[in-house]
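What follows is a short report on a single structure.
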Amino acid sequence: MKKIVLRYGLISGGVLALIGAITFPLYRNGTLDFDNSAVLGYASMVLAFLWVFFGVRAYRDTVAAGGIGFGKAFQVGILITLITCAIYVISWEIIYYNFFPDFLDQYSAHSVAKMQAAGASAAEIEKASAKMADFAKLYANPFWNSAITFLEIFPVGLIVTLVTAAILRRKSSPTPPRTATA
């Protein structure tokens, strides 16, 4: 099980890290913006978590002789998910602290500009700015930064794992009966 979990977890995490490496420069040069980042981000997570499905299926077909219960499928899937999440968090920590330390400043400025364009009052903008400043204080702490980043991706992986375990569960097929030959 370790080999399959590790292989598929690393592939899944690698997909996310690769997508991040490709899209990061596009955010920095303005090709991509914060308005479409959530859709792109969660779509890339779902794409990466497809490897959970492939990993559980590989375990079922090669190790478990074609049969796997929901619990074991969930166990394999959640371990792959945790490896993927760890790689995602590590990737973000490297990007954030080394290449994009002004992320929250840029995001806050974008959010304020969007509120102003929507006609929000000065009080609403001030309140939102204060909330973002409080969040930025938390986000400056690497522990909280990692925890928040983990909580961003883990629910997606949990849902994919639950769906995968439900889809791939299968009882082992009994061995075919021996037929007598004359």
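Taking chymotrypsin sites (Phe, Trp or Tyr not before Pro) across segment 79-122, the ones in a DSSP loop with at most 16 further Cβ atoms lying within 10 angstrom of their Cβ are Phe99. Overall, the accessible surface of the chain at a probe of 1.4 angstrom is composed of carbon and sulfur to the extent of 68 percent. Taking every protein chain into account, the 1.4 Å probe leaves Phe135 with about 80 Å² of accessible area, to the nearest ten.
Within straight-line reach of Lys137, meaning a Cα separation under 12 Å, sit the following aspartates and glutamates at least 8 residues removed in sequence or on another chain: Asp105. Simple rule: put +1 on each Lys or Arg Cβ and -1 on each Asp or Glu Cβ in the chain, find the dipole, and look at Ala73, Phe100, Val63; the Cα lying farthest toward the positive end is Val63. Among the trypsin sites (Lys or Arg not before Pro) in segment 136-175, those placed in a DSSP loop whose Cβ has at most 15 other Cβ atoms within 10 Å are Lys171.
With a probe of 1.4 Å, find how much accessible area segment 1-77 has per residue, and write the answer as a whole number in Å².
On the way: 3980 Å² over 77 residues.
Using a 1.4 Å probe on heavy atoms only, each residue of segment 1-77 averages 52 Å².
Couplings for segment 46-58, taken from phi via the Karplus curve 6.51 cos²θ - 1.76 cosθ + 1.60 with θ = phi - 60°, read 4, 4, 5, 6, 4, 5, 5, 4, 4, x, 5, 4, 4 Hz in order; Gly and Pro are left as x.
Ordered by 1.4 Å accessible area with all protein chains kept, Phe100, Phe143, Phe54 run largest first as Phe143, Phe54, Phe100.
How high is the relative contact order of segment 22-100? Use alpha-carbon pairs under 8 Å, at least six apart in sequence, and give a whole percent. Provide the component values of the computation, followed by the final result.
Numbers: 21 pairs, mean separation 18.0, N = 79.
Computed over segment 22-100, the figure is 23 percent.
Our coupling estimate for segment 78-83, obtained by passing each phi through the Karplus curve with A = 6.51, B = -1.76, C = 1.60 and θ = phi - 60°, is 6, 5, 4, 4, 5, 5 Hz, Gly and Pro reported as x.
Note down the relative contact order for the chain as a percent, whole number, built from C-alpha pairs under 8 angstrom at least six residues apart.
Numbers: 169 pairs, mean separation 66.4, N = 182.
It comes to 36 percent, rounded to a whole number.
The values are calculated or read from the model by the stated rules, or taken from the named source; none is laboratory data. Please read these numbers as outputs of a predicted model, since none were measured by experiment. Backbone-built Cβ (ideal geometry, glycine too); neighbour counts: all protein chains shown. Heavy atoms of the whole protein, side chains included, go into the accessibility calculation; ligands, DNA and RNA do not. Shrake-Rupley method; radii C 1.70, N 1.55, O 1.52, S 1.80 Å.
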